[in-house]
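The values are calculated or read from the model by the stated rules, or taken from the named source; none is laboratory data. Only a predicted model underlies this, so the values are computations on that prediction, with no experimental measurement involved. We place every Cβ from the backbone using ideal geometry, glycine too, and count neighbours over all the protein chains shown. Quick note on the areas: whole protein, heavy atoms, side chains included, nothing else; ligands and nucleic acids left out. Shrake-Rupley method; radii C 1.70, N 1.55, O 1.52, S 1.80 Å.
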2 protein chains.
Amino acid sequence: MQRPTIADIARRAGVSKGAVSFALNGRPGVSEATRARILRVAEEINWRPHSAARALGGARADAVGLVIARPARTLGVEPFFARLLSGLQAEFSSQSIALHLMIVEDTRAEIEIYRSWVSERRVDGLVLIDLKVRDPRIAVVEQLKIPAVVVGGPGRHGRVSSVWADDRAAMLSAVEYLAVLGHTRIAHVSGLPEFQHTQRRSRALRDAATRLKLPRARSLHTDFSDAQGAAATRKLLAGAGRPTAIIYDSDLMAVAGLGVALEMGVAVPHELSIISFDDSVLAQLTHPSLTALSRDTYRFGVQAAQAMTAVLADPTKTKNHKTETPRLITRESTSPTRN
Amino acid sequence: MQRPTIADIARRAGVSKGAVSFALNGRPGVSEATRARILRVAEEINWRPHSAARALGGARADAVGLVIARPARTLGVEPFFARLLSGLQAEFSSQSIALHLMIVEDTRAEIEIYRSWVSERRVDGLVLIDLKVRDPRIAVVEQLKIPAVVVGGPGRHGRVSSVWADDRAAMLSAVEYLAVLGHTRIAHVSGLPEFQHTQRRSRALRDAATRLKLPRARSLHTDFSDAQGAAATRKLLAGAGRPTAIIYDSDLMAVAGLGVALEMGVAVPHELSIISFDDSVLAQLTHPSLTALSRDTYRFGVQAAQAMTAVLADPTKTKNHKTETPRLITRESTSPTRN
DNA sequence: CGGCAATGATAAACCGGTCTAGTGAACGGA
DNA sequence: TCCGTTCACTAGACCGGTTTATCATTGCCG
């Protein structure tokens with residue numbers, strides 16, 4: 001038989017299509033005996049729902065959309081995305097929800113994709129990452145009236161849930177640690193300045209610097225690429241009164257920075273301490289290995305997916321979920337200052 | 001108005017639903033004047049196709065499926081997947097084809113996903129990666145009668161297209177290069193032995209060793225993780241008559257191996273040359289930087305996607321597309337042997 | 001025992017497209 | 001002038017589910 005349908009089940013079980021639909025979806029309207037019989041027949045002929053037919057009736061598409069708007073070049077290297085993706089996946093697939101993925105150039109394109117996915121009813125919800133300051137996507141998502149979860153920015157997004165980590169506390173812990181080690185000239189090689197998490201980190205550094213009376217704490221912005229990470233490091237190390245410690249917003253940039261220090265004959269950690277604001281094998285493989293702010297990115301993905309399924313189940317119940325704060329894992333790239 | 005449908009267009013344009021369908025799909029049956037009028041109305045009311053409704057009529061889902069069956073742990077780090085994904089994406093999105101992505105634990109689960117996606121008509125085609133020796137997925141895909149493209153294994157898969165690189169030639173070029181530098185004891189830290197590309201590389205090494213009369217050329221299998229890459233390196237360097245050159249199947253393992261060499265006081269490249277069978281920023285960031293077999297993985301993804309769209313357009317026309325052979329990029333991790 | 005509600009089931013409408021059979025008009029050739 | 005063909009378009013079935021209106025039974029209560 002070519003692809004069994006509920007009509008086939010109905011015929012074989014001697015009931016109507018409607019009864020089959022009720023039985024298969026676990027809703028009232030059929031007796032337990034009939035339900036069991038229908039389920040048995042469905043099993044027998046190996047019936048599977050036709051997702052399109054379901055979606056047509058206005059029902060769910062059983063899919064969630066994720067659009068990543070970063071240049072492919074940086075994307076390929078960042079371990080962050082792949083791990084986040086794995087986590088999202090794990091949770092979604094346990095709920096039989098598929099992930100629609102798209103990689104685009106910019107936010108304009110991203111918004112366009114959102115519009116078409118929603119109007120084509122391809123997805124039931126959207127996962128937004130890399131939240132920007134005054135992010136235009138929030139308004140679009142609200143206007144489209146589709147459940148959404150923002151990954152990486154704290155709450156207050158109206159009907160949109162959010163899942164985020166306390167970057168501020170993490171940055172403060174790193175700066176305090178460096179201060180205890182005697183560092184006073186601390187620099188920060190950050191990511192794109194329009195990202196909210198970048199701003200939170202830069203601000204935390206400034207605040208800590210003021211409180212701890214550290215001069216010249218400054219943030220240099222980059223596009224997250226290893227090239228710009230290296231360039232920023234070169235600039236920092238070449239100037240007068242160069243920093244004795246640098247905090248990088250990603251492990252990739254930290255590794256690139258470490259390379260520059262080696263090139264320039266600056267000893268790590270004796271002359272320069274390095275902290276990576278993201279941990280992965282990368283940070284552990286280098287020599288010296290990198291002290292890092294570590295968190296379970298996979299788990300972060302799982303939590304984001306859970307927030308998504310929660311808001312899918314009840315769109316009125318959005319939540320603002322703060323996850324584990326990245327913990328400082330000390331390795332070989334940090335040490336007390338010499339004096 | 002709540003979500004315009006073709007019925008709305010038909011009403012406003014004063015024609016039938018059928019005419020609208022013909023006009024929107026660029027097929028004969030309407031005059032140019034009417035077609036233009038219909039398109040204008042569709043534009044006006046901002047109509048978008050309802051993908052589910054289309055798919056229901058047996059038409060295309062405009063989506064392609066990709067299932068990755070590797071442990072999340074290794075996945076997160078390999079730059080390879082992210083770059084391949086970007087390439088696939090770029091091509092698919094230019095054709096307005098969405099990508100259905102799923103990450104699973106093993107091939108059994110992968111096959112199960114294929115079955116449900118196909119029977120739920122979620123995808124029009126499948127992209128298979130990490131081809132194994134006597135891969136059970138080939139038979140499943142043929143049985144499901146769904147267009148498919150195999151990434152990474154050469155042809156002869158019946159109705160399935162394939163896109164692959166000449167691992168053998170690449171391995172031979174690396175071994176010959178090492179031989180010219182005077183190396184005779186060459187080892188290979190490979191990936192999972194059940195993968196076809198692993199086997200092709202191992203066999204190429206054996207053949208080259210025989211031809212060039214190199215003793216002890218051997219392959220050590222790993223699971224692609226940095227941990228096993230490091231372990232294999234340790235084993236190789238600890239033994240008597242240790243190799244003077246090691247070829248790693250991925251840049252991640254090469255970096256891990258480099259770390260082990262440093263730990264054990266084996267100088268690279270003076271006492272040990274290292275070649276990575278995969279290139280990325282990772283290989284360039286280390287010190288010394290790694291000589292690598294490089295290819296444009298992004299482009300590889302694009303080509304795979306093109307093979308997919310070709311076979312979607314005409315399922316009878318499968319092709320066996322050999323892509324660019326990885327070229328050896330020499331960097332600092334290889335040098336002539338000392339004697 | 002009559003009336004009413006709850007239960008189990010059915011038939012048919014519906015979702016938004018695609019596609020086929022059919023219709024009417026215009027046109028061309030003999 | 002008449003028939004056959006082509007063209008432009010329409011009406012309606014159809015895809016595979018969900019959902020609603022309806023109906024027959026049964027059970028309960030006063």
Residue that is open to solvent by 30 Å² or more (accessible area, probe 1.4 Å), within 16 Å of DNA strand D (Cβ to nearest atom) and within 11 Å of chain B (Cβ to nearest Cβ), where the choices are A:Arg3, A:Arg12: A:Arg3
Hey, A:Leu237 outside the structural domain of A:Gln89 (by TED's automatic domain parsing) and over 30 Å from B:Met253 (Cα atoms) or not: yes
Residue satisfying condition, being more than 13 Å from every other protein chain (Cβ to nearest Cβ) and out of contact with any strand residue (DSSP E or B) (no Cβ under 9 Å at 6 or more places or on another chain), within set B:Thr316, B:Thr291: B:Thr316
Residue list for region A:195-213, filter: over 15 Å from A:Asp130 (Cα atoms) and open to solvent by 20 Å² or more (accessible area, probe 1.4 Å): A:Arg203, A:Arg206, A:Asp207, A:Thr210, A:Arg211, A:Leu212, A:Lys213
Wholly enclosed strands (runs of 3 or more DSSP E) of region B:226-299 bearing at least 1 residues surrounded by fewer than 24 Cβ atoms within 10 Å (Cβ to Cβ) and either modelled with pLDDT of 95 or more or aliphatic (A, V, I, L, M) (or both): B:291-294
Top-ranked residue in region B:20-30 [being open to solvent by 20 Å² or more (accessible area, probe 1.4 Å) and outside any loop (DSSP other than H, G, I, E, B); ranked as nearest to DNA strand C (Cβ to nearest atom)]: B:Ser21
Test for B:Val141: is it open to solvent by less than 50 Å² (accessible area, probe 1.4 Å), in the same structural domain as B:Leu84 (by TED's automatic domain parsing) and on the phi < 0 side of the Ramachandran plot: yes
Residue in region A:37-53 that is surrounded by the fewest Cβ atoms within 10 Å (Cβ to Cβ), counting only those that are more than 8 Å from chain B (Cβ to nearest Cβ) and assigned to a helix (DSSP H, G or I): A:Glu43
Matching residues in region A:109-155 - criterion: being over 23 Å from B:Ala61 (Cα atoms), assigned to a helix (DSSP H, G or I) and within 14 Å of chain B (Cβ to nearest Cβ): A:Gln143
Residues (assigned to a loop (DSSP other than H, G, I, E, B) and either aliphatic (A, V, I, L, M) or within 30 Å of A:His270 (Cα to Cα) (or both)) located in region A:300-339: A:Thr325, A:Pro326, A:Thr330, A:Arg331, A:Glu332, A:Ser333, A:Thr334, A:Ser335, A:Pro336, A:Thr337, A:Arg338, A:Asn339
Some residue of region B:55-62 being more than 11 Å from DNA strand D (Cβ to nearest atom), open to solvent by less than 30 Å² (accessible area, probe 1.4 Å) and in a loop (DSSP other than H, G, I, E, B): yes
Qualifying residue in region A:264-279 (condition: over 30 Å from A:Ser94 (Cβ atoms), within 12 Å of chain B (Cβ to nearest Cβ) and under 28 Å from the mean Cα position of the chain (by Cα)): no
Total residues in region B:1-19, condition away from DNA strand C (no atom under 11 Å from the Cβ) and in contact (Cβ under 8 Å) with a residue 24 or more places away in the chain: 2
